[in-house]
Amino acid sequence: MDKLTDIRYLKGVGEKRAELLHKLGIFTVGDLLRFYPRDYMDWSKITSITAAPYDANCCVRAAVNHKPRGAKIRKGMTIYKTVATDGEALMDITFFNNKYTAEALEAGEEYLFFGKVGGNLRRREMTSPLVSKIEGGARLKPIYHQSAGINSKAIEKLVGQAYQVRSDYFTDCLPESLRDKLCLTEVNKAIHEMHFPTNEDTLSEARRRLIFEELFLFQMGLMRLRGNRREMTPVRIERDFTDEFKRRLPFTLTGAQQRAISESVAQMTSQVTMNRLLQGDVGSGKTAVAAALIYTAAKNGYQSAFMAPTEILAAQHCKTCLKFFENTDINIALLTGSVTAAKKRDIKAKLAKGEIDLIIGTHALIQNDVEFSRLGLVITDEQHRFGVKHRGALSSKGEHPHTLVMSATPIPRTLALMVYGDLDVSVLDELPPGRQPIETYSIDTAKRARAFNYVKKHLDEGRQGYIVCPLVEEGETELAAAVEYAENLSKGFFSGYSVGLLHGKMKPKEKDDVMARFAGGEIQLLVATTVVEVGVDVPNSVIMVIENAERFGLSQLHQLRGRIGRGQYKSTCILITDAQNEAAQRRMKIMTSTTDGFKIADEDLKMRGPGDFFGSRQHGLPEMKVAMLTDTAILAEANRFAREIISDDPELQKEENKTLSEAIREMFSSEYVMN
């Protein structure tokens, strides 16, 4: 980094301010110029005092009648007052503890005042307005994200300083032919307009250009990723045994399941490695799809490895697969941490000899001494619980085996393509027939006792249930409160019933033990302070109460609700909240009106935005600065042109695509660096 780019050497910065800018992710002049405003204040539409709308931000041009006068109204509080006029009406101006702004105003001088106008028809007033000189003031003004020690106005000033030094900082990464075709603004002009918009139309054009650029680079990068990951594989799946597998089933697969199997087997029978995400709502039948692929792999002489995040979930998959492959010659083994040492040695020996066709387990599968004879298919359940390295560690035990990753977290398709950029996506968007719908109700705390009595009714009928109480952070005090809450329930309202507790501070084995006891019917009512283990199937659990439901996101609520309704009994979820704010009420309304995980995921994305959807960025994929995943029209356009360019120049070797190739390389992190 040289002095021309390092932010420390920009006039007005220096070492101390540079540290503050670093906290905002600004290290170079380029970072500063790409640090776009989060919003704008419209000072361009000037209104008279009389025409100013009540209780809405507006800009008034008026002259100050007299220098503001200060008066102390209490200790530490000084109020400054003056009167302004536009020649037709008067407006009282008041500042609180703002000596700098007040003393800068001169009698007889005109200024722009920005804020909310109050008062009455006879006399208007504006309290604590923003003030600007007339010259250059009537414009759209940027508002930046700020941090302690450096505010939005200071950032705007530094951006202006950067443009005085250099106005053509960026080389345009979009080929000129593409810009002409789409009538897109040149990059430096677009970035300047983002910071200092001429008007709303030019700002809109600049945003369109920069949104297209980000989404286009994303699409190009992901297409190259998928192309690079489609390696030739020595795994030879010569014949499709799907029909034979389907004939063995006591039920009919849904159309979505059959489509997912067909998409997967089509890749497996090609000479290219399959890398596929199988995404489906709770109960959509992902395991049956996985079993169909395992069956075809086994019949072609290949082993499969099926990795789950917890022992209880691995055991559940093992039980399901034993049913699927009953009376076949497919040998199945379960390998987890709790398997005895002697049993482990036996399983590993048989696996290495090829005597085991399907191994199901936890992280135990990726230990160094686990060897396969002919590994052809790797399946990971609840992919987000593992990460790229775990998946890679299991796949490396074979020669480019096919990979299927499964997730029960419904993700809007556009977001799925970005989070799992190296994978093709299959979606199970149908539920098998006979699946019990979950009735969901929202109540306030006044009705809690009625809800608990309803829970008792189900427990008395031999069913089981959950009570979930959220913790923002599972610190000592919150955890103590949760333990006390569970004890109070077991000694009070649910005295005489078997009550268990599950919380985030438990060790994995302790969690597994509690869930095993619950799954076995030993615990009737499970109080959980953390998300109940994803995917654990307890068909007898039919009732769930979620305390302080407003503290969960939509997708979290849906995941929790998915723990019930997994058997033949009618199931009910009760959300308890006293929150009256609009966002909380909207969440409750969505949850009580639909059980479709994909609809809920779409709503969640709209409400929270992609940045918060997962709680943190996934797998090192690049961050969006201006584009939103809800910009679907531009996303579709970007996708179309990305396909055209990749089709014409797969390696981006043409001269006009060299800068584009470099921009893609810069955008993607080292985890996903382009070859």
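Being at pLDDT below 95, assigned to a helix (DSSP H, G or I) and surrounded by 14 or more Cβ atoms within 10 Å (Cβ to Cβ) is the filter here, so list the residues in segment 449-480 that pass it.
Glu478, Leu479 - these are the residues of segment 449-480 that are at pLDDT below 95, assigned to a helix (DSSP H, G or I) and surrounded by 14 or more Cβ atoms within 10 Å (Cβ to Cβ).
Do the conditions hold for Leu554, that is, is it in contact (Cβ under 8 Å) with a residue 12 or more places away in the chain and closer than 23 Å to Thr310 by Cα?
Judged against the criteria, Leu554 is not a match.
For segment 330-370, what are the residues that are in contact with a helix residue (DSSP H, G or I) (Cβ under 7 Å, 6 or more places away or on another chain), of a type in the set (D, E, K, R) and either at pLDDT 95 or above or at positive phi (or both)?
Passing the criteria: only Asp357.
Going through segment 40-49 one residue at a time, which ones are open to solvent by 50 Å² or more (accessible area, probe 1.4 Å) and either within 35 Å of the chain's Cα centre (by Cα) or within 14 Å of Val131 (Cα to Cα) (or both)?
If the condition is that a residue be open to solvent by 50 Å² or more (accessible area, probe 1.4 Å) and either within 35 Å of the chain's Cα centre (by Cα) or within 14 Å of Val131 (Cα to Cα) (or both), then Ser44, Ile46 are the ones that fit.
Which residue is surrounded by the fewest Cβ atoms within 10 Å (Cβ to Cβ), if the candidates are limited to segment 107-135 and must be under 17 Å from Tyr54 (Cβ atoms) and charged (D, E, K, R)?
The selected residue is Arg122.
Please give the number of the condition Ala349 fails out of (1) buried (at least 19 other Cβ atoms within 10 Å of the Cβ); (2) within 22 Å of Ala393 (Cα to Cα).
(1)
When you look at Val83, is it within 12 Å of Val64 (Cα to Cα), open to solvent by less than 80 Å² (accessible area, probe 1.4 Å), of a type in the set (Val, Ile, Thr) and in contact with a strand residue (DSSP E or B) (Cβ under 9 Å, 6 or more places away or on another chain), yes or no?
Against the criterion (within 12 Å of Val64 (Cα to Cα), open to solvent by less than 80 Å² (accessible area, probe 1.4 Å), of a type in the set (Val, Ile, Thr) and in contact with a strand residue (DSSP E or B) (Cβ under 9 Å, 6 or more places away or on another chain)), Val83 qualifies.
Considering Ala89, Ala62, Ala52, Ala104, which residue is touching a Cys at 6+ places or on another chain (Cβ under 9 Å) and either surrounded by 13 or more Cβ atoms within 10 Å (Cβ to Cβ) or touching a residue at least 12 places away in the same chain (Cβ under 8 Å) (or both)?
Ala52 is the lone residue from the list that is touching a Cys at 6+ places or on another chain (Cβ under 9 Å) and either surrounded by 13 or more Cβ atoms within 10 Å (Cβ to Cβ) or touching a residue at least 12 places away in the same chain (Cβ under 8 Å) (or both).
Out of (1) at pLDDT 90 or above; (2) open to solvent by 50 Å² or more (accessible area, probe 1.4 Å), the odd one out for Gly492 is which?
Every listed condition holds for Gly492 apart from (2).
Against the definition (at pLDDT below 95 and more than 20 Å from Cys58 (Cα to Cα)), how does Glu106 come out, yes or no?
When the stated conditions are applied, Glu106 passes them.
Which one of these is within 25 Å of Lys246 (Cβ to Cβ) and surrounded by 22 or more Cβ atoms within 10 Å (Cβ to Cβ): Ile360, Ile332?
From the options Ile360, Ile332, the qualifying one is Ile360.
Evaluate segment 163-170: report whether one residue or more is at pLDDT below 90 and part of a helix (DSSP H, G or I).
Within segment 163-170, one or more residues are at pLDDT below 90 and part of a helix (DSSP H, G or I).
Among residues belonging to segment 136-162 that are part of a loop (DSSP other than H, G, I, E, B) and touching a Pro at 6+ places or on another chain (Cβ under 9 Å), point out the one that is surrounded by the most Cβ atoms within 10 Å (Cβ to Cβ).
Per the criteria, the residue is Tyr144.
Considering only residues that are touching a strand residue (DSSP E or B) at 6+ places or on another chain (Cβ under 8 Å) and open to solvent by 20 Å² or more (accessible area, probe 1.4 Å), look in segment 303-321 and name the one that is nearest to Arg248 (Cα to Cα).
It comes out as Ala315.
Leu184 is checked against (1) over 21 Å from Tyr144 (Cα atoms); (2) at pLDDT 95 or above; (3) not in a loop (DSSP other than H, G, I, E, B) and fails just one. What number does that condition carry?
(3)
Can you name the residue in segment 163-206 that is free of Cβ contacts under 8 Å to residues at least 24 places away in the same chain and small (Gly, Ala, Ser) and is also most open to solvent (accessible area, probe 1.4 Å) among such residues?
Only one residue fits best here, namely Ser204.
Scan Phe95, Phe35 and give me the residue that is buried (at least 18 other Cβ atoms within 10 Å of the Cβ), under 20 Å from Ser132 (Cβ atoms), of a type outside the set (A, V, I, L, M) and at pLDDT 90 or above.
Phe95
Within the bounds of segment 280-297, is there any residue that is of a type in the set (S, T, N, Q), open to solvent by less than 10 Å² (accessible area, probe 1.4 Å) and at pLDDT 90 or above?
Yes; the residues of segment 280-297 include at least one that is of a type in the set (S, T, N, Q), open to solvent by less than 10 Å² (accessible area, probe 1.4 Å) and at pLDDT 90 or above.
Out of (1) at pLDDT below 75; (2) open to solvent by 50 Å² or more (accessible area, probe 1.4 Å), the odd one out for Pro437 is which?
Only one criterion in (1) at pLDDT below 75; (2) open to solvent by 50 Å² or more (accessible area, probe 1.4 Å) is unmet by Pro437, namely (1).
The values are calculated or read from the model by the stated rules, or taken from the named source; none is laboratory data. Given the structure is predicted, the values throughout are model-derived calculations rather than measurements. Cβ atoms come from the backbone with ideal geometry, glycine included; neighbour counts cover every protein chain shown. In case anyone asks, the SASA skips ligands and DNA or RNA and just uses the protein heavy atoms, side chains included. Shrake-Rupley method; radii C 1.70, N 1.55, O 1.52, S 1.80 Å.
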